Amino acid sequence: TLTNQYGCDSVIFLELPELPAPVVEVDTAMRIEQGSNHVFDVSGNPAYSYNWSPSEALSCSNCMSPELGAGNYPAVIELSVTDTLGCSSIYTLRPEYICTPYLPNAFSPNADGRNDTFFPFVVCPNSAYTLQVFDRWGNLVFESSESNLEWDGQINGKAAPIGVYVYVVQLETAFSREAFYGELNLVR
């Protein structure tokens, strides 16, 4: 509302277009393997400014695609994108941290110094661990709740027969509880 020198009022309406917020493509729901680095894949305008948090968990806080270092597990990661006009968008990322052990499918307990024991190779910290090995009739032949205890191919102190066995690995981390199943070939 404007008033002139004679006391007359005028009302002026202005239509201002809303500037669009900057848009980038980023995966906001991702699975990240524990114990490994993860690079965030962002597709957007390089002229935008990028601000990531928490900065201490990332290789850089103001680059387009930072790397999350192994051992860093923030529950929420935020990306703030600002364009050249000062408009900004915020993206919230909630990673799911998974732990997949490496599980060999064969071993040869023949005392040659190579592949003589069977064990899951687990790179992420875990709070609970169980390994069970069953023969083809479903009999439990080995069980351990210690991740450093390996099956040496013995059943009750005797060499286990050559053949296919089934394993079950139950693994609990700070982020998940999972079970892994598979077949294991015992060869000599």
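The values are calculated or read from the model by the stated rules, or taken from the named source; none is laboratory data. Because the structure is a prediction, the values reported are computed rather than measured. Note: ideal-geometry Cβ built from the backbone for every residue, glycine included; neighbour counts use all protein chains shown.
Screening residue 32 with (1) part of a loop (DSSP other than H, G, I, E, B); (2) at negative phi; (3) of a type outside the set (Lys, Arg) gives one miss only, at (1). Residues that are surrounded by fewer than 13 Cβ atoms within 10 Å (Cβ to Cβ) and of a type in the set (A, V, I, L, M) were ranked within segment 150-188; the one that is nearest to the chain's Cα centre (by Cα) is 174.
Can you confirm whether residue 39 is surrounded by 12 or more Cβ atoms within 10 Å (Cβ to Cβ) and at pLDDT below 95? No; evaluated as a whole, the condition is false for this residue. For segment 61-77, a tally of residues being in a strand (DSSP E or B) and either over 15 Å from the mean Cα position of the chain (by Cα) or among the hydrophobic types (A, V, I, L, M, F, W, C) (or both) returns 2.
The conditions of being among the aliphatic types (A, V, I, L, M) and closer than 22 Å to residue 31 by Cβ are met by residue 171.
Residue count for segment 75-115 under the criterion of being aromatic (Phe, Trp, Tyr), surrounded by 18 or more Cβ atoms within 10 Å (Cβ to Cβ) and within 25 Å of residue 152 (Cα to Cα): the result is 1.
Of the residues that sit in segment 134-149 and are touching a strand residue (DSSP E or B) at 6+ places or on another chain (Cβ under 6 Å) and within 25 Å of residue 174 (Cα to Cα), which one is surrounded by the most Cβ atoms within 10 Å (Cβ to Cβ)? Per the stated criteria, the residue is 147.
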